[in-house]
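These notes are about the structure you will find just below.
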Amino acid sequence: MKVALIVLYFGKLPNYFSLFLKSCEINKDFTWFIFTDDETGFNYPENVKKIYMKFEQCQNLFQQKFDFDIALKTPQKLCDYKCAYGYILQDYIKDYEFWGHCDIDLIFGNLSNFVTKEVLQNYDKLYTLGHLTIYRNDELINKQFMNKINGQSRYKQVFTDDNGCGFDEWIGENINNIFYNTDYRFLDTAIGADLDPYNTSFILAWYDKQKQRYIRDKVKNNVFEWKNGNLYRFYENKEKNEIIEEEFPYVHFQKRNMNFDKEILNVDDFFVIPNKFIYENKDVKSMLNIAKKLSVINYQYFKVKYKSLKSRLKNRNFNFSNVFK
């Protein structure tokens, strides 16, 4: 079944974007449509379609789809529109049975090991977070974001608010709430390695539907290995004195800077530690030891908080929240 994944990114693409493309190229069963104004001459593989577009063009394109004035002053606001991409960008994805949206601050493993033909046959919406969600490409499904929540047109409230509302995932009343109230088949499992942005260590985080908040994994030191298109997580089980290995479809480096050497594009096996890609032939245990040393000081927390404060002061947005509480 043909799946198209949509990315809209305006501004300078991440320094490891070439590695993101390499991880896409391995996934031949998926096609990416990347709308961007970055003119850097990246080597786009055949299954990644670049559409050059200025942000002003994007604003006009989105506005044409609605009969009210929408709020889309900055590219960051696009997150709230992700669940509407199938409706707004239908002309690009009309030949695909499924469409989805994803982020680019991640590296894919073998998606087909998780997004299987059987899974696609059995569900109309897959997953719940903005960095990867997939929908069946159906006109009614693509318009579900317009459904009311508690009698209110939530999407109109979101699309006219300059602030980010988390409509694409779990903050406030959102697209997941809408699908829970339909008869569509909804797979709300978390499958990716979503890293806690407030810790230098690689600590997995996910949304707990019962507790209605994000929670952190108890394992405090993880490393990843990308090997021949497959992605593995490693951590040490001290009670059993053994190293545990798990396969993941992707790892999400949200709000992280990653040190990147272009030589890594020429190898088929590399490790990922905070916050670096390592392509030399190292063993898992040594990688875990290096990662542990790098995480003694939690500089990531201060980086994220400082950047957030600068953004809030610039945009005069003083609505603070903590998604982990």
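The values are calculated or read from the model by the stated rules, or taken from the named source; none is laboratory data. Quick caveat: nothing in here was measured; it's all calculated off a predicted structure. Every residue, glycine as well, gets a Cβ built from its backbone with ideal geometry; the counts of neighbours run over all protein chains shown. Areas reflect the complete protein model, heavy atoms only, side chains present, ligands, DNA and RNA absent. Shrake-Rupley method; radii C 1.70, N 1.55, O 1.52, S 1.80 Å.
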Fill in the blank from the handout: Flagged in the stretch 42-51 as open to solvent by 80 Å² or more (accessible area, probe 1.4 Å) and over 21 Å from Cys79 (Cα atoms), in numbering order, are Asn43, Glu46
Exercise for the section: Look through the stretch 276-298, keep the residues that are touching a residue at least 24 places away in the same chain (Cβ under 8 Å) and not in a helix (DSSP H, G or I), and return whichever of them is farthest from the chain's Cα centre (by Cα). Expected result: Ile297
Fill in the blank from the handout: Residue pairs within 6 Å by beta carbon, gap of at least six or interchain, first lying in the stretch 102-116 and within 17 Å of Pro197 (Cα to Cα), second among the hydrophobic types (A, V, I, L, M, F, W, C) and part of a loop (DSSP other than H, G, I, E, B), listed first then second, are Asp105/Phe253
Exercise for the section: Test each condition in (1) more than 26 Å from Ala190 (Cβ to Cβ); (2) in contact with a Phe, Trp or Tyr (Cβ under 7 Å, 6 or more places away or on another chain) for Gln64 and report the one that comes out false. Expected result: (2)
Fill in the blank from the handout: Inside the stretch 53-70, the number of residues satisfying the requirement of being open to solvent by 10 Å² or more (accessible area, probe 1.4 Å), touching a residue at least 12 places away in the same chain (Cβ under 8 Å) and out of contact with any strand residue (DSSP E or B) (no Cβ under 7 Å at 6 or more places or on another chain) is 9
Practice task
Could you grab me the full set of residues in the stretch 1-12 that are under 15 Å from Asp103 (Cβ atoms) and open to solvent by less than 10 Å² (accessible area, probe 1.4 Å)?
Solution key: Leu5, Ile6, Val7
Completion exercise
In the stretch 166-223, anything β-branched (Val, Ile, Thr) and closer than 19 Å to Cys79 by Cα is listed as Ile171, Ile175, Ile178
Handout entry: Matching residues in the stretch 2-30 - criterion: being touching a residue at least 60 places away in the same chain (Cβ under 8 Å) and touching an Asp or Glu at 6+ places or on another chain (Cβ under 9 Å)
Key = Lys2, Val3, Ala4, Val7, Tyr9, Phe10, Gly11, Leu13, Pro14, Tyr16, Phe17, Phe20
Exercise for the section: Determine whether the stretch 106-120 contains at least one residue that is touching a Cys at 6+ places or on another chain (Cβ under 9 Å), open to solvent by less than 10 Å² (accessible area, probe 1.4 Å) and farther than 24 Å from Trp32 by Cβ. Expected result: no
Exercise for the section: Please find, among Phe179, Phe224, the residue that is closer than 27 Å to Lys292 by Cβ, in contact with a strand residue (DSSP E or B) (Cβ under 8 Å, 6 or more places away or on another chain) and not basic (Lys, Arg). Expected result: Phe224
Problem - Criterion: open to solvent by 10 Å² or more (accessible area, probe 1.4 Å) and either small (Gly, Ala, Ser) or closer than 21 Å to Leu120 by Cα (or both) - qualifying residue of Asp162, Asp138 - result: Asp138
Handout entry: Qualifying position, being surrounded by 12 or more Cβ atoms within 10 Å (Cβ to Cβ) and closer than 26 Å to Cys24 by Cα, among Ile243, Ile290, Ile273
Key = Ile273
Practice task
Could you grab me the full set of residues in the stretch 176-189 that are in contact with a helix residue (DSSP H, G or I) (Cβ under 8 Å, 6 or more places away or on another chain), surrounded by 14 or more Cβ atoms within 10 Å (Cβ to Cβ) and within 25 Å of Phe248 (Cα to Cα)?
Solution key: Phe186, Leu187, Asp188
Practice task
For the stretch 209-221, indicate whether the set of residues that are in a loop (DSSP other than H, G, I, E, B), surrounded by 14 or more Cβ atoms within 10 Å (Cβ to Cβ) and in contact with a helix residue (DSSP H, G or I) (Cβ under 6 Å, 6 or more places away or on another chain) is non-empty.
Solution key: yes
Practice task
Among the residues of the stretch 16-40, count how many are closer than 23 Å to Asp95 by Cα and open to solvent by 10 Å² or more (accessible area, probe 1.4 Å).
Solution key: 6
